[in-house]
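Novice: My questions will all concern the structure given below.
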Amino acid sequence: MHKDQIKNTVYKYITMYHDMLDENIKRVYVHINNEFECEDKETEALGFVEVDQFGEAHIWFNGKFCDINPEKEVKDLIIHELAHLFTPVSKKHGYFYNDHGKKWKEVVMMMGGNTQKWI
């Protein structure tokens, strides 16, 4: 998927499921980066979400993955990351981090994603 398509898809889902977004989140930014690292992962990450103390959410996607995989795979990744944004569970290092628990799985399924990928 092209970067603009990814961003448009993210914002479309946020608009559709806006009622699930935490009221403290003021703005959502989408980043697609080919030089992609996530310090909490031992392997190369495909995406992650950060929310700062100012209510700005940043959703990061691995640009290499998005470039070489079919649209359905990229949409599953988008849903995976948005489900994290929609289901915050704890604070760590100033950001909200989310697990792949029951609530996260319910949101992924509701949005039409695959709960078994990338966990």
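The numbers here are math on the coordinates, done by the rules we state, and not lab data. Just so it is clear, the model here is predicted, and its values are computed rather than measured. Every residue, glycine among them, receives a Cβ derived from its backbone with ideal geometry; neighbour counts consider all protein chains shown.
Novice: Quick check on packing: order 9-20, 72-83 by the mean number of other C-beta atoms within 10 Å, highest mean leading.
Specialist: 72-83, 9-20
Novice: Here is a follow-up. From the phi of every residue in the stretch 9-26, what ³J(HN,Hα) in whole Hz does the Karplus formula 6.51 cos²θ - 1.76 cosθ + 1.60 yield, where θ is phi - 60° and glycine or proline is x?
Specialist: Result, ordered by residue: 5, 4, 5, 5, 5, 4, 5, 5, 10, 4, 5, 8, 6, 4, 5, 7, 7, 9 Hz.
Novice: Could you work out the local net charge near residue 75, counting Lys and Arg as +1, Asp and Glu as -1, over the other residues with Cβ closer than 12 Å to its Cβ?
Specialist: -1
Novice: Which entries in the list 64/105; 7/103; 3/103; 72/105; 64/103; 12/102 go over 22 Å, if you measure between the two C-alpha atoms of each?
Specialist: Numbers: 64/105 26 Å; 7/103 25 Å; 3/103 29 Å; 72/105 18 Å; 64/103 29 Å; 12/102 24 Å.
Beyond 22 Å: 64/105; 7/103; 3/103; 64/103; 12/102.
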